[in-house]
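The values are calculated or read from the model by the stated rules, or taken from the named source; none is laboratory data. As the structure is a prediction and not an experimental result, all values here were calculated from the model. For neighbour counting, all protein chains shown are included, and Cβ atoms are generated from backbone atoms with ideal geometry for every residue, glycine included. When the accessible area is computed, the model is the full protein with side chains, heavy atoms only, and any ligands, DNA or RNA have been set aside. Shrake-Rupley method; radii C 1.70, N 1.55, O 1.52, S 1.80 Å.
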Amino acid sequence: MTPENLACVLADVRRLRVGFAGTAPQPWTATTAAAEVTVQLGHLALCLLRQWGTDTTHLDDPQRPITNTGDELADVLLAVLSVPTLADTEPASLPAARPAGRDGEVEQLLRLLITLGQLAEAAMIHDGFRHRPTGTPPSIQTASATAVTAATTLADGLRLDLLAEFRAMVVDAEAFLRSRDPSR
């Protein structure tokens, strides 16, 4: 993801966060957004299991089909970037993406998991829910940038255009918000 694309995506995230604020019973924080990452990561994992040929019948909710890998990865990206947005900061400069062919999908997913754990820890420290551990855990700025890169690398490995998937998700999210508040 280029810096210009990230700037556009962040503008969408900020706008959506304002819109979604009216839909939640409690105000969100960076930690809440980090928890949302796990929800979206579960949705992504469900899609990947299905894509890898696993029977997910026992995990599926017929009333809520979760079947679009690109949309779920875009939701992960929204949640990842909601963390720095709600912490009133921005991601650091994005590190270089790992070549998609270097690791397989499982390794790419595991790298994403690691970066999301680091982001959740940074959010919890920021919001006062976790002590600052020894060592040098990454800040929200660094962890969110690394997570964006990991998501981009996974998207590349899955042959998905993450930016296009994100834009499509934004259109759907804005339609949802308009359905709840027609004055939008």
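Give me the residue from the range 86-135 that is among the aliphatic types (A, V, I, L, M) and in a loop (DSSP other than H, G, I, E, B) and, out of that set, nearest to residue 33 (Cα to Cα). Don't jump to the end; show me each part of the working.
If we filter the range 86-135 for residues that are among the aliphatic types (A, V, I, L, M), which is where we start, we get 86-87, 92, 94, 96-97, 100, 106, 109-110, 112-114, 116, 119-120, 122-125.
Cutting the leftovers down to in a loop (DSSP other than H, G, I, E, B) gives us 87, 92, 94, 96-97, 100.
Details: 87: 10, 92: 18, 94: 20, 96: 25, 97: 24, 100: 27 Å.
Once the filter is applied, the top-ranked residue is 87.
Look through the range 159-175, keep the residues that are acidic (Asp, Glu) and surrounded by 15 or more Cβ atoms within 10 Å (Cβ to Cβ), and return whichever of them is modelled with the lowest pLDDT.
Initially, the range 159-175 is screened for residues acidic (Asp, Glu), giving 161, 165, 172, 174.
Subsequent filtering for residues that are surrounded by 15 or more Cβ atoms within 10 Å (Cβ to Cβ) retains 165, 174.
Details: 165: 97, 174: 94.
Per the criteria, the residue is 174.
Just wondering, is there one or more residues in the range 54-65 that are among the acidic types (Asp, Glu), out of contact with any Lys or Arg (no Cβ under 7 Å at 6 or more places or on another chain), free of Cβ contacts under 8 Å to residues at least 12 places away in the same chain and surrounded by 12 or more Cβ atoms within 10 Å (Cβ to Cβ)? Steps first, please.
Initially, the range 54-65 is screened for residues among the acidic types (Asp, Glu), giving 55, 60-61.
Then drop every residue that is not out of contact with any Lys or Arg (no Cβ under 7 Å at 6 or more places or on another chain), which leaves 55, 60-61.
Next, only the ones that are free of Cβ contacts under 8 Å to residues at least 12 places away in the same chain stay: 55, 61.
Subsequent filtering for residues that are surrounded by 12 or more Cβ atoms within 10 Å (Cβ to Cβ) retains none.
Within the range 54-65 (the criterion being among the acidic types (Asp, Glu), out of contact with any Lys or Arg (no Cβ under 7 Å at 6 or more places or on another chain), free of Cβ contacts under 8 Å to residues at least 12 places away in the same chain and surrounded by 12 or more Cβ atoms within 10 Å (Cβ to Cβ)), the answer is no, since none of the residues qualifies.
Could you say whether any residue in the range 136-146 is crowded, with 19+ Cβ neighbours inside 10 Å, under 16 Å from the mean Cα position of the chain (by Cα) and closer than 30 Å to residue 53 by Cα?
Yes: one or more hits.
From 105, 72, grab the single residue that is over 18 Å from residue 14 (Cβ atoms), acidic (Asp, Glu) and open to solvent by less than 50 Å² (accessible area, probe 1.4 Å).
Being over 18 Å from residue 14 (Cβ atoms), acidic (Asp, Glu) and open to solvent by less than 50 Å² (accessible area, probe 1.4 Å) holds for just one of 105, 72, which is 72.
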